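This report refers to the structure that appears directly beneath it.
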Amino acid sequence: MKKIAIILGVSALALGLGGCSDMNKQDIGVITGGAVGGLLGSQFGGGQGRIIAAVGGAVAGAVIGGLIGKSMDKTDKLETQQALEKTRTGQTSQWQNPDNGNSYKVTPTKTYYRDGHPCRTYTMLATIDGKPEKIQGRACRINGQWVEQK
């Protein structure tokens, strides 16, 4: 029962914060990473140990997700926009930022329409300061720009 309560609590927090309209990629990364980390952490331990693992997983996930969002500069955001616009579903677009050495691989995984706008789910594999990270995302093209969706 506590496991379900933890999962519901983490999910409600992520969904509640995800409704904020002025969020940037770092914010989204923190929330998504925290939610996923909390869910994964809740699978380990028992009793108080499970709660501690869920909280630890949420914190670790939030930090990792935030690092990906924070590390992206204008060049990386433009490359991501182009990958979502031009890369076929299942194909990977990759680049390395010449200023900081971080590298990214974006693979659109599904294309669909939402409220008349083209949307895509994608996987991003980022190597930031030599550490590999993975994030799942979804974005819709609105007024010519790909906008991250909650």
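Every number here is computed from the coordinates shown, using simple stated rules; none is lab data. If you're wondering where the values come from, they're calculated on a predicted model, not measured in any experiment. Cβ coordinates were reconstructed from backbone atoms using ideal geometry, including for glycine residues, and neighbour counts include every protein chain displayed.
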Under 8 Å between Cβ atoms, at least 6 apart or on separate chains: pull out the pairs that start in segment 82-95 with a residue that is in a helix (DSSP H, G or I) and end on any residue that is among the polar types (S, T, N, Q) and surrounded by 14 or more Cβ atoms within 10 Å (Cβ to Cβ).
-> Gln82/Ser93; Ala83/Ser93; Lys86/Ser93
In segment 86-105, is there at least one residue being within 17 Å of the chain's Cα centre (by Cα), surrounded by 15 or more Cβ atoms within 10 Å (Cβ to Cβ) and of a type in the set (A, V, I, L, M, F, W, C)?
-> no
Name the pairs whose Cβ atoms lie under 8 Å apart, with the first residue in segment 107-133 and among the hydroxyl-bearing types (Ser, Thr, Tyr), the second loosely packed, with under 11 Cβ neighbours inside 10 Å, and 6 or more positions between them or separate chains?
-> Thr107/Gly90; Thr109/Gly90
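Applying the selection to segment 106-123, what residues are more than 15 Å from Thr89 (Cβ to Cβ) and in a strand (DSSP E or B)?
If the condition is that a residue be more than 15 Å from Thr89 (Cβ to Cβ) and in a strand (DSSP E or B), then Arg114, His117 are the ones that fit.
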In segment 106-150, how many are more than 21 Å from Asp76 (Cβ to Cβ) and of a type in the set (Asp, Glu)?
-> 1
